[in-house]
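The values are calculated or read from the model by the stated rules, or taken from the named source; none is laboratory data. Remember, predicted model here, so these are calculated numbers, not experimental data. Virtual Cβ from ideal backbone geometry, glycine too; neighbours counted across all protein chains shown.
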Amino acid sequence: MSFEGSSFRRLLQKLKSRKRRPKSCSESMIKPIGQTYLDLLIRALSGELSDNVLYRNAQLLQAEEGEEVPTLISLQTCRELLGKATQEFGSYLGKGETAESYLNLSPKELFGYLNWMNPIGSPHTMCGADNIYQVEACVEDIFRENIPGDLMETGVWKGGMTVLMRGLLKAYNCHDRLVWVADSFSGLPQPDPKKNLKDAIFWYLMTPLEHLAIPFEYVEALFQRYDLLDDQVRFLPGWFKDTLPAAPIEKLALLRMDGDLYESTRDTLEHMYPKVSKGGYIIVDDYGIPAGCRDAVDEYRRARGIAEPIQKINDVSVFWRKMGA
């Protein structure tokens, strides 16, 4: 490894200062061996145990200091991409479209964003500790209060969060719930800039990542690697508009949405939200990014009079609990 010692030391300091799970009554609900299993599973999924992830994160720190790192998407590529995107979508902006978009990013900000999302050398989930532990806390509540229904994520990337969901079922010795894994496994659908400019810009700027396309075979193999692929895991491959209306799901206790775009989020809410049980949880991973996800969530909630307060997980992700029928 050829990264600087100072960068490596700062990386270790960041890892040591990561947010840990707060103490709760969960310790009295699960055997110590089960909690140890979950802690190890979470560390593996988030990349803490991977030399490749450690190396990649150290490279990002080097790049932040202005060093050239050949294995990363370069800062120059990000400058050129932003310039091309401005030309590509400038005519739409000139017609009065002033909504916040990824065109507001600096080349350095886009550099950090793209390289964090780069599947090469990255962890099995892009979620940070706060998002990971939010899922764990929601599932603990679901078991504690016996909220009926399965667990689901729509938009799974490498599948890390759904592996966590299945691991939680295993740790709690739960055999009567399923984990639903819904994804196109072909990346994000290309948005029409005439319908949703923010999403079209987002999609365009993701081109160095091939639109985050992770094949089904990779996700299935990830479950196998963690010894969690069994009949409690169900896959729904395809675009949400095609797969969700006929999905054989009766009830959901947890719905985690990570579809990024307006149409993906809208399709998920229209077909899956009515199946969320009273007391169940809805997590929206991308609510705070300048794409169409937030618009879809806000429109759906207004149209159906959903009054449960949205609660922040971090600057990007939110959740609420369904208390009505």
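Numbers at a glance
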{"quantity": "Scope the stretch 144-169; condition part of a helix (DSSP H, G or I) and out of contact with any Ser or Thr (no Cβ under 9 Å at 6 or more places or on another chain); matching residues", "calculated": "Glu145, Thr162, Met165, Arg166, Gly167, Leu168, Leu169"}
{"quantity": "Residue, modelled with the lowest pLDDT, within the stretch 209-227, restricted to residues that are among the hydrophobic types (A, V, I, L, M, F, W, C) and under 18 Å from Gly238 (Cβ atoms)", "calculated": "Leu212"}
{"quantity": "All positions within the stretch 252-274 that are out of contact with any Gly (no Cβ under 9 Å at 6 or more places or on another chain), buried (at least 18 other Cβ atoms within 10 Å of the Cβ) and over 22 Å from Phe202 (Cβ atoms)", "calculated": "His271, Met272, Tyr273"}
{"quantity": "Filtered residues of the stretch 190-208 (kept if in a loop (DSSP other than H, G, I, E, B), under 16 Å from Ser264 (Cβ atoms) and among the charged types (D, E, K, R))", "calculated": "Asp192, Lys195"}
{"quantity": "Members of the stretch 275-294 that are surrounded by fewer than 24 Cβ atoms within 10 Å (Cβ to Cβ), more than 20 Å from Ala307 (Cβ to Cβ) and among the small types (Gly, Ala, Ser)", "calculated": "Gly288"}
{"quantity": "Test: residue in the stretch 225-233 that is basic (Lys, Arg) and surrounded by 16 or more Cβ atoms within 10 Å (Cβ to Cβ)", "calculated": "no"}
{"quantity": "Check on Ile249, more than 17 Å from the chain's Cα centre (by Cα) and either surrounded by fewer than 22 Cβ atoms within 10 Å (Cβ to Cβ) or at pLDDT below 95 (or both)", "calculated": "yes"}
{"quantity": "Lone unmet requirement of (1) at pLDDT below 80; (2) in a helix (DSSP H, G or I) for Tyr133", "calculated": "(1)"}
{"quantity": "Criterion violated by Arg304 - all others in (1) touching a Ser or Thr at 6+ places or on another chain (Cβ under 8 Å); (2) more than 30 Å from Ala85 (Cα to Cα) satisfied", "calculated": "(1)"}
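Conditions (1) in contact with a strand residue (DSSP E or B) (Cβ under 6 Å, 6 or more places away or on another chain); (2) surrounded by fewer than 22 Cβ atoms within 10 Å (Cβ to Cβ); (3) within 19 Å of Val316 (Cβ to Cβ), marked per residue:
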residue	(1), (2), (3)
Arg144	no, yes, no
Trp157	no, no, yes
Trp180	yes, no, no
Asp183	no, no, no
Pro191	no, no, no
Pro215	no, yes, no
